[in-house]
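Encoded as structure tokens, the structure appears first; notes follow it.
Laboratory data are not the source of any read-out in this text; all were calculated from the coordinates shown. Just so it is clear, the structure is predicted and the values come from calculations on it, not from any experiment. So basically every Cβ, Gly included, is an ideal-geometry build from the backbone, and we count neighbours across all protein chains shown.
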Amino acid sequence: MSTMDFQGYVTKQIEARSSDSGRRIRTTAQTIRTVADQLRNDPNTAMAADFAERGADFIDRIGAYVEQTPLEQMMADAELFSRRQPWVVATAGLAAGILASRLVKSTAARRAMADTSSDYASGTAMADTYR
């Protein structure tokens, strides 16, 4: 398989996954609309229904974009956005880095707790104490 064939294959796979993701996003928007309709039946939650409906419209637009836009166009749009709004992109990158570090830290803490509890269960923790 040549490099060009491989790139074409990867591009087709990404576009297929993108279309699938767009459909799933739009399904989520439809589910939110259903919830909004149910909220409208109660006068106490009518304002929440309007908020949910606006959110569903926004999510649906994102889903339509992801589903229908070719990969090359998405890449060009992302590049254009990052050139116009570099601070937004930098802030998003910083936020993603902080979230990733928190995830790694919490995963390591859980793993350490699991190791400690398994040591106590096997009796090796007590043996280490008396050495």
Exercise. Name the residue, out of Thr69, Thr45, Thr11, whose mean-square fluctuation peaks in a Gaussian network model built on the chain with Cα pairs under 10 Å.
Key: Thr45
Exercise. Please state the charge dipole magnitude for the chain, taken about the Cα centre, from unit charges on C-beta atoms (+1 on K and R, -1 on D and E), reported in debye and rounded to the nearest 20.
Key: 300
Quiz item: With θ set to phi - 60° and the Karplus curve 6.51 cos²θ - 1.76 cosθ + 1.60, what are the ³J(HN,Hα) couplings of the stretch 41-57 in order, to the nearest whole Hz, using x for Gly and Pro?
Solution: 5, 9, x, 6, 10, 5, 5, 5, 5, 5, 4, 5, 5, 5, x, 5, 4
Quiz item: Of the labelled options (1) 23.9, 69; (2) 14.0, 43; (3) 16.2, 55, which one gives Rg and Dmax of the Cα atoms in Å as computed for this structure?
Solution: (1)
Quiz prompt | Value of [θ]222 nm, deg cm²/dmol, for the chain, DSSP H segments ≥ 4, -39500 (n - 2.57) each, nearest 500 | solution = -31500 deg cm²/dmol
Exercise. Select from Ala49, Ala76, Thr107 the residue farthest towards the positive end of the dipole of the chain; place +1 on Cβ of Lys and Arg, -1 on Cβ of Asp and Glu, and compute about the Cα centre.
Key: Thr107
Self-check item: Inter-site label distance for Tyr65 and Gln30 at 7 Å from Cα along Cβ, in nm
Solution: 2.2
Quiz prompt | Proxy reagent accessibility, fewest Cβ within 10 Å first, across Leu39, Leu103 | solution = Leu103, Leu39
